[in-house]
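Reading through the structure tokens given below for one structure.
Throughout, read-outs are computed from the coordinates displayed, never taken from laboratory work. Given the structure is predicted, the values throughout are model-derived calculations rather than measurements. No Cβ is skipped: glycine too gets one built from the backbone with ideal geometry, and neighbour counts run over all protein chains shown.
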Amino acid sequence: MKLRLFWTILLTFALVIGLGICGMLGFVGLTFAGVWQPSAMRESLQEAQSNYAAILGDYYAANGDSWAGVDRRLDNSPFVGPPSFFGYALADASGRIVASDDRTLPIGRVADQVSLTRGAPVEARGERVGTLVLRAGSRLGANAPIQGRRPIDLIWPVVRGFLFAGLVLGGGLLLLAVFFAQRLSRPLRDITVAAQRLATGQLDVQVRRAPIREIDELTQAFNAMARSLAESDRQRRQMTADIAHELRTPLTIIKGRLEGLQDGVYSATTEELDRLLHETALLERLIEDLRLLALAETGQLPLYRELLDPREMIEEARAAFAGQAAAHGVELRLAAGDELPPIDADPQRLAQVLGNLISNALRYTAEGGAITLGARRMKAEGGRVNASIAPLQLIPHPSSFILFEVIDTGQGIAAEDVPHIFDRFYRADRSRTRGSGGAGLGLAIAKQIVAAHGGAIWAESQEGRGTTISIALPAGESNGEERSLGRNGRN
């Protein structure tokens, strides 16, 4: 069984608190037992020994050079007695114990050399007459009561005080541990619940911000992921609905006319068959556009690059649409610079892009208007298109690029529609149907093809004054080999 994070953190805090309190009590116990003492305590004890050794020297001299009755003197000293943890032993000049409150050094026994060395010498008239030994904790293990009190009676008040302080401190620290454990575990628990809801299809789930920076960054990343999934799901649903709608229209027409032929409503005339072939061609073109777009978006669109002259590209595009432009009463103009460097591109794909742009421009340019096809060389500023030309459009080329432009004098595009015209199935003109001009995939395909060449495409428009579609492609060289898009969208 796995512990929850909250209980793991709480038990960790409790273990640390318990070890801390036990360590504190152990430190106090070792100190008062004399097993281990801090240097400050040892120095204080040594100073007390030295000071009282001087007093005992005066007592020895005043008592006729005798230690008789010295035990009463020592029992009244400030460092012994019922409230004290110090044990004393006084040895005469020969090292024999003459007074003692230390069970390890009883009266009449000759003190060991270590005790005599650690003790403080007692001097009278310049001569050493004895040695005073003070040791902390030496009385605590005595079997006999000390002045009517047992050793446990001496240490218990201190231990009880430290236990009470430890319990109070431990309780406060445990409350803090609960508080911080909740602050750590609750956001993670919220993320877990949200992830489980996300897995069931509730893509609108969001997690509240966390007070801890790292967990807050995790919650923000989760929320961003959830929003991205929700948006992707919305786009997928919308795309599915759009595809179903676009496919249903020609299929409905084809089915209706075939049923009419079957029921004898229509005759199998050449005109009727031409209508069926036209609808079939529209359906085939839509399916091909969807296939091309899917290949481009997944990085599988093949490109057959070669060196192309930019001027020749727009001249060929102008020639291809000259008849259609004349039929609409629209002038096709050419504005190309001289000695343009070649571009490394797929001629078929690039012609497809220019064809889509010119076709759209003709659709929205009234009779008497003009469409200008331009190509010029521009310098890249640190790998980025000049902000006055294409804001924030990154061009992955270190020095220069070719800027293609299709400029019309048509009705223009509303400002709120401009950012979306390269989306799938998006039509700025809501009244325009598939029959009056495509399924809304042309610009989306153009964007993907330009991106496949490492370029950028953008639009600038003003209602009533026309639209400019710009394409920036890096100048480059070709090795004549077939190239395909990688997973990152570049060759």
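At a glance:
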item	result
Packing-based order for 443-454, 273-284, using average beta carbon neighbours within 10 Å, highest first	443-454, 273-284
Prolate/oblate/rounded label for segment 156-267 (Cα gyration tensor, a/c 1.5)	prolate
DSSP-assigned coil residues among GluC sites (Glu not before Pro) in segment 305-342, each with at most 11 further Cβ atoms within 10 Å	E339
Alpha-carbon centroids, segment 199-254 and segment 276-294: separation in whole Å	28 Å
Restricting segment 175-222 to trypsin sites (Lys or Arg not before Pro) in coil, as DSSP defines it, with at most 16 other Cβ within 10 Å	R208, R209
